[in-house]
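Following: one structure in structure tokens, then a few remarks.
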Amino acid sequence: MEARTPRGFHDVLPDEVRRWQFIEDNARRIFDLYGFSEIRIPVLEFTEIFARSLGTTTDIVEKEMYTFTDRDGSSITLRPEGTAGVVRAFVENSMHAKAPVSKLWYGGMMFRHERPQKGRYRGFYQIGAELLGPEDPASDAELITMVWKFLESTGLSERLTLEISSLGDNNCRPQYKEKLVAYFEPQSEKLCPDCRRRLGTNPLRILDCKEDGCKKTAAGAPKMIDNLCPDCSAHFEAVENYLENAGVPYTINPKIVRGLDYYTRTVFEVTTNELGSQNAIAAGGRYDGLVEELGGPKTPAVGFATGMERLVLLHEKAHPGGFQKEVAVFVAHLGEGARTAAFKLTSALRDRGVSAEMEYGGKSLKSQLKRADKSGARYTFIIGEDELSRGKVKLRRMETSTEEEVDIELAPSLSF
Ligand code: HAM
């Protein structure tokens, strides 16, 4: 057999994991400052949860879900994103009754059957957050500010652009959709077959189509942001105002439509121009109708998710190297008796909170020092039978290759 992952899936090897952990640690720290608690939800849900949440005419639901029939005949789907599952958990656990505001964050694998390329996978990892309860534009701005501060904490914000827009609500969007249909219908022959169909099902999706003809035709289409009702317009202005006060740099991009149907009002995307076509690093927005859609009480909400692989790719570009695991002390030994002493010393060092590694097997001193060097250790203890008989051990400072003898009893308590 051939040992390999299915197409679009990948391993994250230990050296790379350290980079992931750096980003995850920052996420945890910043989300905590903003009052978010972690929630852990299953990687799969009943298919209906996603179909209802994301919209049956979205690419994800139409073409990209990993769906299978469970042994009891129910239709199950591996989660293509996290929001639907978090909202399902919010409703199922009556979280609205426990607190007027729920601030939840999550991390985990998502699954979409897309065409794999650099930065786009079938199994990918998202970190996201959802703020459920308030309709106040301050909550949109708070969430977007948190996203920006998190990205700043990873040292990448200079390579990123934050764009915001508004998709209106049930009040103004239906009229806007009519305007779109009136615009596209007379030139429908310029649209791809999918978009001609979308004209009747979900005309907003045409604005998101990657086909050249559709892109060109969509360029002159009316914009949602010019067709907002007074309430949506006031909401958007307030979000802008809060962001300006928080010093978060943003631009307005009226072309943002997002690939999921649950959005209302504020939407945003964070992009980079350093990763080619897979340029979306993070994205999100408000979704005031989703909790009700999944059977809960009317609960406005706003959230976001970031693609970890893309953030890590960008981080690698910005900071190449320098994320290997390093130990503080290496313990080399020569001779059978010395090996037992080395084992004891290595354990004692770890007990004192010093990261230490020892050589296995009976290698030459030269090859042990080579491994010590590679491990990044600043100091190496060298235990030989001769020194050992005098209760001593050699301590080598790796940078200068200087050596001195120290008492083996005192060795674990030295400062490194
Ligand atoms: P999304 O825009 O579909 O939104 O995905 C968010 C991020 O996940 C993208 O910006 C991208 O970085 C990453 N991503 C998406 N697909 C892939 C892929 N195939 N390979 C690698 N990375 C990918 C959502 O998922 C919403 N749930 C966000 C949200 C939360 N909105 C409100 N709350």
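The values are calculated or read from the model by the stated rules, or taken from the named source; none is laboratory data. Just so it is clear, the model here is predicted, and its values are computed rather than measured. Note that each Cβ is placed from the backbone with ideal geometry, even for glycine, and that neighbours are counted across all protein chains shown. Just so you know, the surface numbers come from the protein's heavy atoms only, side chains and all, with ligands and any DNA or RNA stripped out. Shrake-Rupley method; radii C 1.70, N 1.55, O 1.52, S 1.80 Å.
Of the accessible area of segment 293-416, computed with a 1.4 Å probe over protein heavy atoms only, carbon and sulfur atoms account for 51 percent.
Here the Karplus relation 6.51 cos²θ - 1.76 cosθ + 1.60, evaluated at θ = phi - 60°, turns the backbone of segment 256-263 into coupling constants of 5, 10, 6, x, 10, 8, 6, 6 Hz, with x for every Gly and Pro.
Stretching Thr67 away from Arg397 to a fully extended chain increases their span by 113.0 nm, per 0.36 nm per residue minus the current alpha-carbon distance. Note on Lys179: aspartates and glutamates with a C-alpha under 20 Å away, same-chain residues under 8 apart excluded, are Asp169, Glu189, Asp194, Asp208, Asp226, Asp231, Asp261. With the charge dipole of the chain set up from +1 on Lys and Arg Cβ and -1 on Asp and Glu Cβ about the Cα centre, the Cα lying farthest toward the positive end among the listed residues Tyr183, Thr47, Gly335 is that of Gly335. Rounded to the nearest 20 debye, the dipole size of segment 329-413 about its Cα centre is 340 debye, using +1 on the Cβ of Lys and Arg and -1 on the Cβ of Asp and Glu. Counting only residues at least eight positions apart within a chain, or on another chain, the lysines with an alpha carbon under 23 Å from that of Lys98 are Lys298. For Ile281, the amide hydrogen comes within under 5 Å of the amide hydrogens of Val270, Thr271, Thr272, counting only partners 5 or more places away or on other chains and with H modelled in the peptide plane.
Couplings for segment 82-96, taken from phi via the Karplus curve 6.51 cos²θ - 1.76 cosθ + 1.60 with θ = phi - 60°, read x, 4, 4, x, 5, 5, 4, 5, 4, 6, 4, 9, 6, 5, 4 Hz in order; Gly and Pro are left as x. Ligands, DNA and RNA are left out, and with a 1.4 angstrom probe the accessible area of segment 193-253 is 53 Å² per residue.
Looking only at segment 8-44, which residues have a backbone nitrogen under 16 Å from a spot 7 Å from the Cα of Ile76 in the C-beta direction? Answer for segment 8-44: 41-44.
By the Kirkwood approach, averaging reciprocal distances over each pair of separate Cα atoms, the chain gets a hydrodynamic radius of 24.8 Å.
Probe radius 1.4 Å, ligands and nucleic acids ignored: give me the carbon and sulfur share of the accessible area of segment 79-178 as a rounded percent. With neighbouring chains kept in place, the figure for segment 79-178 is 44 percent.
Using a cut-off of 12 Å between beta-carbons, work out the net charge of the residues near Leu228 (Lys and Arg +1, Asp and Glu -1, Leu228 not included). For residues surrounding Leu228, the net value is -1. Taking a point 7 Å from the Cα of Asp231 along the Cα-to-Cβ direction, the residues of segment 168-202 with backbone N closer than 12 Å to it are 169-173. Straight-distance candidates among the lysines for linking to Lys392, with alpha-carbon spacing under 24 Å and chain neighbours fewer than 8 residues away dropped: Lys344, Lys363, Lys366, Lys370.
What segment 329-413 shows is 57 Å² of accessible area per residue, with the surface traced by a 1.4 Å probe over protein heavy atoms. In the frame of its principal axes, segment 329-413 has Cα extents of 28, 28, 23 Å, reported largest first. What's log10 of I(q)/I(0) for segment 70-196 at q = 0.13, 0.17, 0.19, 0.21 Å⁻¹, Debye sum over Cα points only, no solvent? So the normalised log intensities are -0.95, -1.27, -1.27, -1.26. Relative intensity of segment 221-373 on a log10 scale, I(q)/I(0) at q = 0.13, 0.17, 0.18 Å⁻¹, equals -0.76, -1.07, -1.15, per a Debye sum over C-alpha point scatterers of equal strength in the absence of solvent. Residues of segment 400-416 falling in the label zone of Ser347, defined by backbone nitrogen less than 15 Å from a point 7 Å along Cα to beta-carbon, are 412. Scalar couplings 3J(HN,Hα) for segment 243-249, obtained by applying the Karplus form with A = 6.51, B = -1.76, C = 1.60 to θ = phi - 60°, are 5, 4, 5, 7, x, 8, x Hz; x denotes Gly and Pro. The distance linking segment 98-176 with segment 329-377 is 47 Å (Cα centroid to Cα centroid, whole angstrom). Remark on Asp169: its backbone amide H falls under 5 Å from those of Cys229, Arg265, a criterion applied only to residues 5 or more positions apart or on other chains, H modelled at 1.01 Å from N. In this structure, the residue pairs whose Cα-Cα separation is over 23 Å, taken from Lys149/Lys325; Lys118/Lys374; Lys177/Lys215, are Lys149/Lys325; Lys118/Lys374.
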